[in-house]
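Please read the structure below before turning to the comments.
The values are calculated or read from the model by the stated rules, or taken from the named source; none is laboratory data. What you are looking at is a predicted structure, and each value in this text was computed from that prediction instead of being measured. Note that each Cβ is placed from the backbone with ideal geometry, even for glycine, and that neighbours are counted across all protein chains shown. Accessible surface is based on the protein model in full, side chains and every heavy atom, while ligands, DNA and RNA are left aside. Shrake-Rupley method; radii C 1.70, N 1.55, O 1.52, S 1.80 Å.
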Amino acid sequence: NLRVAGVRLADLRGYSYDRRDVTGRSLANAYAQTLGAIFTETAKPYEVEIVVAEVGVTGDDDQLYRLTFDGSVADERGFVAMGGQADDIAAVLAEGWRPGLGLDDGLALAVRALGAGSGTVPSAGQLEVAILDRARPRRTFRRSLLRRRPLLRRMSLPRLRLLRLRPG
């Protein structure tokens with residue numbers, strides 16, 4: 001699977017050379033080569049979009065890359081919306097997103113954007129949220145326990161970098 005291959009590539013490069021040699025751009029390029037080869041060489045290419053995020057020392061150093069099923073790579077700034085309602089969701093995000101947006105405000109914006117895309121506001125039980133937190137040592141990724149977010153408990157809706165709507 002592509003996720004496991006990306007993690008293995010990052011581990012191998014980090015162990016062989018240095019952690020600083022593992023960049024979002026190098027990982028995005030590796031994914032792009034794989035997706036491009038699959039797209040050109042197989043009868044049924046993968047129908048995927050991938051986002052690669054690199055957390056910098058400061059917000060100005062953060063990098064977001066969107067990869068499409070054909071291996072194309074696009075640099076994104078601030079946020080990414082993907083999927084069937086991406087244009088509607090991106091429009092709401094563009095209106096409300098700003099650098100330094102706090103976690104609760106980011107979650108509320110994401111829920112509002114997802115509601116605009118689908119026409120219904122998702123409940124906390126439909127959301128899976130992960131946070132990239134530059135203040136954490138070594139590994140910046142952590143899953144968010146939604147029940148601990150006071151905003152979600154109050155709204156029964158939802159520093160956001162990664163958000164995925166679970167089917168069901």
Self-check item: Filter result (among the polar types (S, T, N, Q) and touching an Asp or Glu at 6+ places or on another chain (Cβ under 8 Å)) within segment 11-25
Solution: Thr23
Practice problem: Of all residues in segment 12-36, count the ones that are under 14 Å from Phe69 (Cβ atoms) and open to solvent by 70 Å² or more (accessible area, probe 1.4 Å). | Solution: 1
Exercise. Output the strands (runs of 3 or more DSSP E) that fall wholly within segment 37-131 and possess 3 or more residues being open to solvent by less than 60 Å² (accessible area, probe 1.4 Å), in contact with a strand residue (DSSP E or B) (Cβ under 7 Å, 6 or more places away or on another chain) and not charged (D, E, K, R), or say none.
Key: 50-54, 63-67
